[in-house]
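Undergrad: Have a look at this one before I ask anything.
The values are calculated or read from the model by the stated rules, or taken from the named source; none is laboratory data. These numbers were taken from a predicted model, which means no experiment stands behind them. Cβ sites come from the backbone with ideal geometry, for glycine too, and all protein chains shown count toward neighbours. Just so you know, the surface numbers come from the protein's heavy atoms only, side chains and all, with ligands and any DNA or RNA stripped out. Shrake-Rupley method; radii C 1.70, N 1.55, O 1.52, S 1.80 Å.
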Amino acid sequence: MSETLVLLIKIVVVLAWFLVLALLLTWVERKQSAVMQDRIGANRARIFGLRMFGLFQPFADAIKMIFKEDFVPPFADKVLHTLAPFVSFFFVAVAVTTIPFGPTVRIGGTAIDLQVYDGSAGLLFLLAMLSLGVYGILLSGWSSRNRWGLIGGMRGAAQLISYEVGLGLSLVGLIMVYPSLRLSEIVAHQGALFLGFLPRWGVFLQPLGFLVFFITAIAETKRVPFDLPEGESEIIGFYAEYGGLKWGLFMLTDFMEIIVVAALATTLFFGGWQMPWLGPDGLNWPWGGHWKMASWVVVCLQIVSFQVKVAFFCWLQILIRWTYPRIRYDQLMDLGWKLLVPLGLLNILGTGLIMSLK
Amino acid sequence: MTTAFQAEARPESMLVNMGPSHPAMHGTIRIMLELEGERIRNADVEVGYLHRGFEKTCENRTWFNLLIYTDRLNYVSPLLNNLGYAMAVEKLCGLEIPERAQWIRVLMSELSRVSDHLTCLAAMAMETGAFTAFLYNMKAREFLWDVIEQTTGARMTTSYIRIGGVRADLHADYEKAVRRGIDETRKVIKDVRGLLDKNVIFLGRTRDIAVMGRDAAVSYGWTGPALRSTGIAYDVRRAHPYLTYDRLAFDIPTGDRGDNFDRYLVRMAEMEQSLRIIEQCLDPLRRDRPARGPTSLEPAEAIRAGRTTPPDAAVRLSPNLEGAEKDVLGDIQSTDPKFAIPGKDAVYGTIEGLISHFQYFMKDHGFRPPAGEAYAAVEGGNGELGFFVVSDGTDRPYRLHLRAPCLHVVSALSGLIKGRLLADIIPTFGSMNMIGGELDR
C-alpha cells in the first residue's frame, strides 16, 4: 500500500516538475532569445501590478490559448486530428519517468528511489517512447488534410526515424562502457573516478558518442536547425491546421522534449545526479582531503546538481536554436545517414577495440 | 475549372499553392508548385496580387501630387523612388538642381540603399531560420531610419525628394545621427557576417543554389545586386552617373558564381560601400547657418505684424520645413521661375507668396513641363529603377512607366527553382528581394 502511495507521489511530483519546467522554459526561451537579439522580451504579463520580469507570461499564453476557438477543419479527420497532440504529449510525458532525479534516499527505514520507473531496460524504454512521439506528428500532418501539413508530417516521420538510428548507435558505446540499460545503474557507474581525478562521466569516456548523441537528440526535438517538420517559413508545418490549446500542446511538447533531451544528456553523459567527487559521506577531493557532510546535505546537493545540469543543457539548446539557420531536407538526411550513423558505428568499433585491449 | 498548370501536371505529383498567403512569400506572390516529394517538377510564379494601377493612377494626378504614390513602390527605400521620379521630370524640364540638394539626395539615396539591403538580407536570413540575424539587421535599419525620420518627418512615406530639389534642409543634428547610424550598421554587418558568412548550414542553403549565368541574367533584364552577383559590374551610378556620384569614390562589388550566396555577399559588400559614400557626403554638406533663434515669429504673428509693412523678423517654420525659407531655399530647391515653389515664409507671411503657392499646386495652373518624353534611372535597392514620363504639356503626365527592377529579377524565379527542392525556394526568393509594391505597381 505504502509503495503505491510513494509511487503516486513520485509520479505527481515528477509530472509537476516536468510541466512547470516546460512552462518556465517558454519564458526562458523568450527572454534568452531577447537577450541574444538585443531586445527586452516578454515583460508585460502581470498580476496585481507584479511583473516579475514577465514570469507570468506562460500563464498569459495559456489563458489566451484556452479561450481560442477549438478549431477542427471541416475536411479533417476529426478523431485523429484531436488525438494527435495528445499522442505527442503523452509519449514525452511517459519518457521522463525513467530519469533518475537523485540517489536512493531513506526515509524512516524505507528506501525510496528518486525515479518513477527503474526498468531493467529503462534506456530502451525511453528511446521507444521518444520514437513513438513521431505518431503525433504524422497523425497531425495527415489528418488535417492540408498539403503543407502532410509535407510537414512526412518530413517529421522521415527525420525522426532516421535520427532514431543515429541516436541508438551513439548510445551503444555507452552501454558497453557501463554494462547496463538500467538508467540508475548507469548513473551509479559515473560516480567513480577516471584517471584519478576526472569523474567517470560518459562525456569523458565517450566523447564521440556524446557528440553524435547531442546532434541527433537536437534533431529529435525538431527545433532549429532541424525544425524541418515545422519549417514555419517554408511549409508552415505539420500543425498548420491547429489552433488554441491543441497547438499549445504541440508547443508544450516541444519544450518537454528539450527537457527530456537535457535530462538524458545529463543522465547518460554528465553523471546524472552525481556531483564530481561527492561521495555519500561528503566531498573527497582528488588531491586528498575530505569534507564531511550530513547525508541529507549530500542528497540535496545531488538533486541540485542534476537540476543545474539539466538547466545548462536547456540553455545550450535554446542558444543553438537562436543561432543557426535551418538545414535543408536532403542535407539533413545526408548528415544523418552519411555522417552521424557512420560516426556512431565508428564509436562502437573504437569502444570495442579499447575495451578488448584492456 | 482546371488551369493549364493543373492540366499539365502529372497525376502522381502533388500540386500546392505557395502563397499568396504564405510566410515566405512577402505577402503578395503566389507560386504554384508541382511537387514530387520535395522535388519541384514544375513551378509557375504568379505576380500581381499587389497591383494597384500605379501607372494609370499617375495619369490622373498632377505632376506634383503623384509623388506620394512613388513612396509606396519600393516601400523599403521610398527615397530612391522619389528620386527616380523627380529626376525623370527634371530631365523633361531641363531643371538644374542646386549642389547642396544633390548632396542631400546622394546621402538619402545611400541611407535608403543600406536599409533596403539590410531588410532584404534580414528577410532572407529569417526565412532560412536565422531569426537572430534578422533582428540584428532590423536594429541597424532603425538607426538609419532615425536619420531619415529626423529630416523628412516620416519613416516610410517620406515624399522628401521633390521635383527641383528636396523639400527641406537636413535636420540640424543630422550628422550626429548619421555617424551613429554608420557605427551601428558597421557593427551589425560585422555581427551578421560572423553569424552567416562561414556558417555551414547557411552556406549549404545558399552556395551553388539557383545559379544564374551572366548571359541569362542579362537576357532576363537583371540589374542591381542580382546582376552584379553574376560578375557583371553594371551599376547605374557608375555607368550613367547622376547627382554627384562621379565625384565620389566607391567600388562596385561583384560576385562570380551568381548563386544565392553571391547575391548575399554582394549586398553585404554594397552596404559597406554605401556607408563609405555617406561618409564622403558629410563634408560637402557641412556649413554654418545662422540659427534663426527665438526672435523668429510664428506664421500667424508674422501675418498680423505684416498687415501694413512687411515684418523684419523671420517666420518660424515647422522643424520638417527648416531650410525652406525664401532666402535659403535656393540651396535646396531649383530657382527656375517656371518650376520653383515659393519660400515657405513667403507663403505664410505674404499674400503674393500665398498666391504663387496656390498657383503652383492648383489644378491646371501649376507645374507644367513642356511636351516631350524623358527616361531617367537611378540605382535602386534592387537595380535600375527607371521612370519613363511622357508629357503633353498639361499638368498631368500623359503616360508614366516604371521600370521596376525586381519584376525582371523575379521573372527568372520559376526557372531557377525548377528541379530543385522545396526548401530552395526560400533563400532564392529571399535573395531576389521581391518588394510587392514595386513588383506589382
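Undergrad: To the nearest 20 debye, what charge dipole does region A:72-357 have about its Cα centre, counting +1 at the Cβ of each Lys and Arg and -1 at the Cβ of each Asp and Glu?
TA: In debye, rounded to 20, region A:72-357 gives about 140.
Undergrad: While we're here: Give me the distance in nm between label points sitting 7 Å out from Cα along the Cα-to-Cβ direction at A:ASP113 and B:ARG287, one decimal.
TA: 8.5 nm
Undergrad: Taking Cα atoms of region B:299-361, Rg/Rh with Kirkwood Rh, to two decimals?
TA: Taking Rh as the inverse mean 1/r over Cα pairs, Rg/Rh reads 0.96.
Undergrad: Also, I was wondering about something else. If DNA, RNA and ligands are ignored and the probe is 1.4 Å, what is the ranking of A:LYS68, B:LYS176 by accessible area, most exposed first?
TA: Reading off the accessible areas and sorting them downward yields B:LYS176, A:LYS68.
Undergrad: Over chain B, what percent of the accessible surface lies on carbon and sulfur atoms, probe 1.4 Å?
TA: 53 percent
Undergrad: Something else: Select from A:GLY102, A:PHE90, A:ILE218 the residue farthest towards the positive end of the dipole of region A:72-357; place +1 on Cβ of Lys and Arg, -1 on Cβ of Asp and Glu, and compute about the Cα centre.
TA: After comparing all options, I get A:GLY102.
Undergrad: Then there is this: Please report the Cα spread of chain B along all three principal axes, rounded to whole Å, starting with the longest.
TA: Principal extents (Cα only, largest first): 87, 48, 35 Å.
Undergrad: Determine the residues within region A:15-57 where the difference in accessible area between the chain on its own and the full set of protein chains amounts to at least 30 Å²; count protein heavy atoms only and use a 1.4 Å probe.
TA: A:MET36, A:GLN37, A:ASP38
Undergrad: Tell me which lysines have Cα within less than 23 Å of B:LYS56's Cα, excluding those fewer than 8 residues away on the same chain?
TA: Output for B:LYS56: B:LYS91, B:LYS363.
Undergrad: Among A:THR266, A:ILE236, A:LEU195, flag the residue with its Cα farthest along the positive direction of the charge dipole of region A:72-357, charges on Cβ as +1 for Lys/Arg and -1 for Asp/Glu.
TA: A:LEU195
Undergrad: Okay, moving on. Please give the calculated 222 nm ellipticity per residue for chain B, where each DSSP H segment of at least 4 residues contributes -39500 (n - 2.57) and the sum is spread over every residue; nearest 500 deg cm²/dmol?
TA: It lands at -14000 deg cm²/dmol.
Undergrad: Buried accessible area between B and A (1.4 Å probe, both chains summed, ligands and nucleic acids excluded), in Å² to the nearest 100?
TA: For chain B against chain A, roughly 2500 Å² becomes buried.
Undergrad: List the residues of region A:149-186 that lose 10 Å² or more of accessible area once all protein chains are present, compared with their chain alone (1.4 Å probe, heavy atoms only, no ligands or nucleic acids).
TA: A:LEU150, A:ILE151, A:ARG155
Undergrad: Please name whichever of A:PHE313, B:ILE68, A:LEU181 sits farthest to the positive end of the charge dipole of the protein assembly as shown, dipole taken about the Cα centre and charges placed at Cβ: Lys and Arg +1, Asp and Glu -1.
TA: Of the candidates, A:LEU181 comes out farthest on the positive side.
Undergrad: Averaged over B:122-135, how many beta carbons belonging to a partner chain fall within 10 Å of each residue's beta carbon?
TA: Counting other chains' Cβ atoms within 10 Å and averaging over B:122-135 gives 5.
Undergrad: Here's something else I'd like to know. Please average, across the residues of B:191-204, the number of beta carbons from any other chain that are within 10 Å of each residue's own beta carbon, and give a whole number.
TA: Averaged over the peptide's residues, the number is 3.
Undergrad: Along Cα→Cβ, 7 Å out, is where each label goes; now give me the distance between the ones at A:ILE11 and A:ASN284 in nm to one decimal.
TA: The answer from the label model is 3.8 nm.
Undergrad: Further, regarding this structure: Which lysines, on any chain, are close to B:LYS187 with Cα under 29 Å apart, when same-chain ones fewer than 8 places away are left out?
TA: The reachable lysines, counting only those whose Cα sits under 29 Å from B:LYS187, are A:LYS31, B:LYS139, B:LYS176, B:LYS198.
Undergrad: Let's test the formula: R0 of 45 Å, r as the Cβ-Cβ distance of B:ASP364 and B:ASP173. What FRET efficiency results, to the nearest 0.05?
TA: After rounding to 0.05, the efficiency reads 0.65.
Undergrad: Under unit Cβ charges (Lys, Arg +1; Asp, Glu -1), what dipole magnitude, rounded to 20 debye, does the protein assembly as shown have relative to its Cα centre?
TA: For this selection, approximately 1020 debye.
Undergrad: Let me check the size of the protein assembly as shown from its C-alpha atoms; what are the radius of gyration and Dmax in Å?
TA: Just the Cα atoms of the protein assembly as shown yield Rg and Dmax of 32.8, 111 Å.
Undergrad: Once you have the Kirkwood Rh of region A:218-272 from its Cα pairs, apply Stokes-Einstein at 4 °C and 1.567 mPa s and quote D in µm²/s. Mind dumping the intermediate values first?
TA: Details: Rh = 12.2 Å.
Estimated via Stokes-Einstein, D reaches 106 µm²/s.
Undergrad: Moving on to the next point. Longest segment of chain A with no chymotrypsin sites (Phe, Trp or Tyr not before Pro) in a DSSP loop having at most 14 other Cβ atoms within 10 Å?
TA: A:76-196
Undergrad: Right, another one. As a test of reading the structure, rank B:VAL16, A:VAL308 by solvent-accessible area (1.4 Å probe, protein chains only), most first.
TA: Details: B:VAL16 10, A:VAL308 90 Å².
Reading off the accessible areas and sorting them downward yields A:VAL308, B:VAL16.
Undergrad: Roughly what percent of Cα-Cα pairs across region A:72-357 reach past 35 Å? List each step's numbers first, then the result.
TA: Working: 9461 of 40755 pairs.
Beyond 35 Å sits 23 percent of the P(r) for region A:72-357.
Undergrad: For region A:72-357, what % of the accessible area comes from carbon and sulfur atoms, probe 1.4 Å?
TA: Taking all protein chains in place, region A:72-357 shows 74 percent carbon and sulfur surface.
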